[in-house]
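The values are calculated or read from the model by the stated rules, or taken from the named source; none is laboratory data. These numbers were taken from a predicted model, which means no experiment stands behind them. No Cβ is skipped: glycine too gets one built from the backbone with ideal geometry, and neighbour counts run over all protein chains shown. Only protein heavy atoms, including side chains, enter the accessible area calculation; ligands, DNA and RNA are left aside. Shrake-Rupley method; radii C 1.70, N 1.55, O 1.52, S 1.80 Å.
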Amino acid sequence: MARLGIARRDDVSEPEDNIAALCEMMAGLIVGDFGDGADLAEQKRFFNAHVGSWAKVFFTDLEGARASVFYAYIGQLGAAFMDVEEQAFEMV
């Protein structure tokens, strides 16, 4: 992340939700929030290094959240989204 110029702002001190922060970073790479938008190869490298290696397992685990129907649905949505992202990056 440091190589891409991505760092937490000094004025933000609350704990971050890791998956949400990584999704924000991916979006920022795509639209150019961290300088020029990253090409697909760079996006794929970031995804594989920081998101793809664990996010699907996280969302699948979240699907099993019995204490909260809301989180179970978020898990389903997130797992489906990760499937789409993985398939899309396979085409690169």
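The sole residue among F89, F81 that is more than 12 Å from I19 (Cα to Cα) and surrounded by 15 or more Cβ atoms within 10 Å (Cβ to Cβ) is F89.
Flag: F70 does not match the condition of being closer than 22 Å to V92 by Cα, out of contact with any strand residue (DSSP E or B) (no Cβ under 8 Å at 6 or more places or on another chain) and open to solvent by 60 Å² or more (accessible area, probe 1.4 Å).
Can you tell me which residues in the stretch 28-43 are of a type in the set (A, V, I, L, M, F, W, C) and either part of a loop (DSSP other than H, G, I, E, B) or open to solvent by 50 Å² or more (accessible area, probe 1.4 Å) (or both)?
Step one: filter the stretch 28-43 for residues of a type in the set (A, V, I, L, M, F, W, C), giving 29-31, 34, 38, 40-41.
Within the stretch 28-43, I30, V31, F34, A38, L40 meet the criteria.
Here is a yes/no grid of residues against (1) in contact with an Asp or Glu (Cβ under 9 Å, 6 or more places away or on another chain); (2) in contact (Cβ under 8 Å) with a residue 24 or more places away in the chain:
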site	(1), (2)
F46	no, yes
A65	no, no
Q76	yes, no
A79	yes, no
E86	no, yes
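In a residue-by-residue description of the stretch 65-76, the property of being within 14 Å of the chain's Cα centre (by Cα) and assigned to a loop (DSSP other than H, G, I, E, B) applies to no position. Selection of the stretch 44-57 for residues being under 11 Å from the mean Cα position of the chain (by Cα) and either surrounded by 12 or more Cβ atoms within 10 Å (Cβ to Cβ) or not in a helix (DSSP H, G or I) (or both) yields F46, F47, N48, H50, V51, G52, S53, W54, A55, K56. Evaluation of G75 against the conditions (1) open to solvent by 40 Å² or more (accessible area, probe 1.4 Å); (2) more than 18 Å from G5 (Cβ to Cβ) shows that the sole unmet condition is (1).
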